[in-house]
Each structure stands twice: as structure tokens, then as C-alpha cells.
Ligand SMILES: [Mn+2]
């Protein structure tokens, strides 16, 4: 069984649905998808605090079972863990989203030894079976370099949008608990990404195919729709997500996921624009 973790609020619902569809498209082996979410509306986050709900994934269930009868999807609400750990701490409102911090609770809810964490703004472009074969024995995690951070921060600075966790080893070394503790004490610019960087010592650096932060290649396993930079004609930072289909086509000139978009529109009866 391949364990996959995604996390987010209602705002990234389309991204998570598309990610799951893309994973099923390429992977025949059984996958247990875990989706972590939280309701932060009672804590003042308003629209940004709307949780994902079971109904959001209902049309996916029959496809999951058709692809492999052993496939599973579990939606887990970790609001309580988050508020207990991070309310009144310097990283309660991180630069990106509080919903990425909750991957630090994965060893509390996921029993398996290994776990592939994927950001909501990623898509699967090759089988996760090959991914799961990466050797992380005796290591805490496997990651890819951060496309920009390796120049600006440190040459081994990694991007936490895709992480292959060895939970068994993380439990031994206390990596996730130590990262939570550091975030409780100190404001970090990239919050949990920086905490995982500072607290981990046993890492495997994977080829960029596992967290492709630029154009999709034939060998790309995970495409990450993170921020990018264009230098010409003017310096500009762009941030196009996979569910913004017209921008994916017109700006990124990317058509690699058109078949997944078509499947999505048919299954959910809604147009992606
Ligand atoms: Mn991301």
C-alpha cells in the first residue's frame, strides 16, 4: 500500500481532486490517500478557514475502487492538533498557509512506515509505484532541492512541496515533534519547510523529476505548480496553479494534464477555467 498525504482548505479543493485523479491515472498499485484539513473559522480565519468535506470527494469514490479495489481515501480533521500546537505562537499565520504545517502531525494519524506528502498544487505525471521504491532506509526523509532557494538560501536548501517521509525513522529521531517545537519558539520565514530543513539530518536528495518546479518532462514524476520567475521582457513573479486551466494553457503553454482536466469536468460536472 502506498500512503499519500495531501492537506488543505476549501480553497484548494480543485487542486487536491486533480492531484488524486492524476495519481490514479498513472498508478495501478493500491494507494491510501489521506487528506488533512481543519476548520479554522471558530479561530478567526474566516473564508480561509473553511475545511474540506467528505462530499467534496464523493464522486471520486467509485473511480478509486474501480482503479484498485484496495484504494482508500480518509479525510482527517486536525483542527485540535493545530490549535493546541500553534495558537499564540510566532508561526500561527505563516507566509503561505497554515494548512501546510499540519503535515507535521502525520505520525499521529498514519500508521504506515512510509508516506509520500504532496502539496495541493502538485500533479502526478508518472507512477507512484516507482516513487515508493526510492530507498530511504535509515533516513528521515527524501526531498528535492528548491529551485530558487538553492541559490538564495543554501545550496542544499530543499523544497517541502514533495516529501517522502520514513515515518519509522521520524518517530525514532523525533523529527516532527522537534520541528513543531522549533516553530513554537521561533518565527521562520518558510515556516515548516525551514523547520524540517533545520531539524532533519538524515536526508536523501532525489532527482528534480520528483518535484519538478519548472516545465514537465517525460521523466517528471511530480509537477509542482509553485511560484516561478520570468526575466524577459520584464522581471515578473508568476504563480499559476494547475486548476487555473486557461492560464496553464496560455501562460505556461502546458497541455500535459489535459486528459486529467477532461476527466475532472466529466466526474464533477463542473468546468475548470
Ligand atoms: Mn506548493
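Here the simple spin-label model places points 7 Å from the Cα toward Cβ, and for residue 258 and residue 29 these points are separated by 3.1 nm. Convex hull volume per residue, computed on the Cα atoms of the chain, equals 130 Å³. Normalised by 2.2 N^0.38 Å, with N the number of residues, the alpha-carbon radius of gyration of region 17-88 equals 1.33. Residue-normalised convex hull volume from the C-alpha trace of region 121-273: 148 Å³ per residue. Between 140, 185, 25, the GNM of the chain built on Cα springs shorter than 10 angstrom shows 185 fluctuating the most. Taking max minus min of the alpha-carbon positions on each principal axis, region 139-184 gives extents of 32, 24, 15 Å, largest first. Mean-square fluctuations from a GNM of the chain, with a 10 angstrom spring cutoff on Cα atoms, peak among 150, 92, 17 at 150.
Between residue 74 and residue 187, the simple label model (points 7 Å from Cα in the Cβ direction) yields a spacing of 3.7 nm. Subtracting the Cα-Cα distance of residue 47 and residue 271 from their residue separation scaled by 0.36 nm leaves 78.4 nm. To the nearest µm²/s, what D does Stokes-Einstein give for region 45-178 at 10 °C and 1.306 mPa s, using the Kirkwood radius over alpha carbon pairs as Rh? Answer from the Stokes-Einstein relation: 92 µm²/s.
Hey, in the GNM for the chain with a 10 angstrom Cα cutoff, which one of 90, 42, 59 fluctuates hardest? In this elastic network of the chain, the residue with the biggest mean-square fluctuation among 90, 42, 59 is 42.
Values quoted throughout were computed directly from the atomic coordinates according to the rules given, and no laboratory measurement underlies them. Keep in mind that this is a model prediction, so the values were computed, not measured. Here Cβ is always computed from backbone atoms with ideal geometry, including for glycine, and neighbour counts include all displayed protein chains.
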